[in-house]
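The values are calculated or read from the model by the stated rules, or taken from the named source; none is laboratory data. Given the structure is predicted, the values throughout are model-derived calculations rather than measurements. Note that each Cβ is placed from the backbone with ideal geometry, even for glycine, and that neighbours are counted across all protein chains shown. We work out accessible area using only protein heavy atoms, side chains counted, and drop any ligands, DNA or RNA first. Shrake-Rupley method; radii C 1.70, N 1.55, O 1.52, S 1.80 Å.
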Amino acid sequence: MAIRTVSELVKQGFEGIEKEIVECTDCQLHETVTNRVISKGSRNPRVVFVGEAPGKNEDETGIPFCGRAGKNLDGMIDYMGLSGDDYAVINTIKCRPPKNRNPLKSEINACKPFLQAQIELLDPKVIILLGNTAEKAFCDGEKLEWGVPRIVNGKYTLLKIYHPAALIYQRSRIEEQNNLIDSNRHLWE
Ligand code: SF4
C-alpha cells in the first residue's frame, strides 16, 4: 500500500489526485473495478455532496450518480435551489464494491486520504453526507442526527440527509427529506 498524506495529495491539485486514484491499488476493490469514480461538478463549490460507493452505472461510466439515484439527487439539488457552479459530487470510496455490498471499514480507511484531499481542495461551506457510509468516513464512529448540522473546526458544516437511492423504494421519505432540507436552507443560501 502506498503511503499518501493528505497534504501531499493536496499539493498535487485536482489532476494529481485524479492520477493517484486511477493508479491506486490500496484496497482489494482495484481488482474488480472497471472505472474509478472520482467527482463531478464545480471546483469551487459552496456545497459538496458525499455519496457512498459507486454502483453498476457509475462503474460502467466513471460518473458519480448517473443512474436512478442520480435523478433523485438532481431533483434534490433543484429543490435546494443550487445551480451547477454551486456544488460538487464525490463518493466516499472511488471503486465499486462487488454486487454493491456496503464498503468495508478497511476500504473506507484506505480511500480516506483521497476524500480528505478532495474536500480540502474543494473547500466547501457545507458538506452534505448522503447516508451512513459517508458519515462513517467523516465521524469516526460517532453518529450525526439526520438533518442536524454540525460545524467542524469552525471550518465547514456537516449535514447528514438520506441517500437518494433510499428514496427510490421509500417514497414516503421524500417529504421527510424535503423537511430536512427546508430547515437547513440558511446553510447554503
Ligand atoms: S476504493 Fe479507493 S483505496 Fe480502494 S483501490 Fe479504489 S481508489 Fe484505491
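Among the residues in the stretch 125-146, are any open to solvent by 80 Å² or more (accessible area, probe 1.4 Å) and in contact (Cβ under 8 Å) with a residue 60 or more places away in the chain? Yes, the conditions are met somewhere in the stretch 125-146.
Those residues that are more than 12 Å from the ligand (Cβ to nearest atom) and assigned to a loop (DSSP other than H, G, I, E, B), I need them from the stretch 36-51; list them, please. Answer for the stretch 36-51, where residues must be more than 12 Å from the ligand (Cβ to nearest atom) and assigned to a loop (DSSP other than H, G, I, E, B): Ser39, Ser42, Arg43, Asn44, Pro45, Arg46. Could you please tell me which pairs satisfy a Cβ distance under 9 Å, a separation of 6+ or placement on different chains, a first residue in the stretch 90-104 that is over 11 Å from Ile38 (Cα atoms) and touching a residue at least 40 places away in the same chain (Cβ under 8 Å), and a second residue that is open to solvent by 70 Å² or more (accessible area, probe 1.4 Å) and assigned to a loop (DSSP other than H, G, I, E, B)? Within 9 Å, the pairs are Arg96/Thr32; Arg96/Thr34; Pro97/Thr32; Pro97/Leu104; Pro98/Thr32. Taking the condition of being open to solvent by 10 Å² or more (accessible area, probe 1.4 Å), within 16 Å of Lys125 (Cα to Cα) and either among the basic types (Lys, Arg) or touching a Lys or Arg at 6+ places or on another chain (Cβ under 8 Å) (or both), how many residues in the stretch 149-169 meet it? Residues meeting the conditions: 4. Being over 15 Å from Cys111 (Cα atoms), in a helix (DSSP H, G or I), acidic (Asp, Glu) and open to solvent by 50 Å² or more (accessible area, probe 1.4 Å): is that true of Glu8 here? The answer is no for Glu8. I'm trying to understand the selection: among the residues of the stretch 41-62, which are closer than 13 Å to Ala134 by Cβ and open to solvent by 10 Å² or more (accessible area, probe 1.4 Å)? Listed by number, the residues that qualify are Glu52, Ala53.
Taken over the stretch 1-13, residues that are at negative phi and either more than 10 Å from the ligand (Cβ to nearest atom) or modelled with pLDDT of 95 or more (or both) amount to 9. Mind checking whether some residue in the stretch 14-29 is without any contact (Cβ under 8 Å) to a residue 12 or more places away in the chain and away from the ligand (no atom under 12 Å from the Cβ)? Looking for residues that are without any contact (Cβ under 8 Å) to a residue 12 or more places away in the chain and away from the ligand (no atom under 12 Å from the Cβ), one finds at least one in the stretch 14-29, hence yes.
Yes/no per residue for (1) at pLDDT below 95; (2) in a loop (DSSP other than H, G, I, E, B):
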residue	(1), (2)
Pro113	no, no
Gln118	no, no
Lys136	yes, no
Val148	no, yes
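Taken as a whole, the condition of being free of Cβ contacts under 8 Å to residues at least 40 places away in the same chain and among the basic types (Lys, Arg) applies to Arg173. Annotation: of all residues in the stretch 96-131 being of a type in the set (Gly, Ala, Ser) and farther than 27 Å from Trp188 by Cβ, the one that is farthest from the ligand (Cβ to nearest atom) is Ser106.
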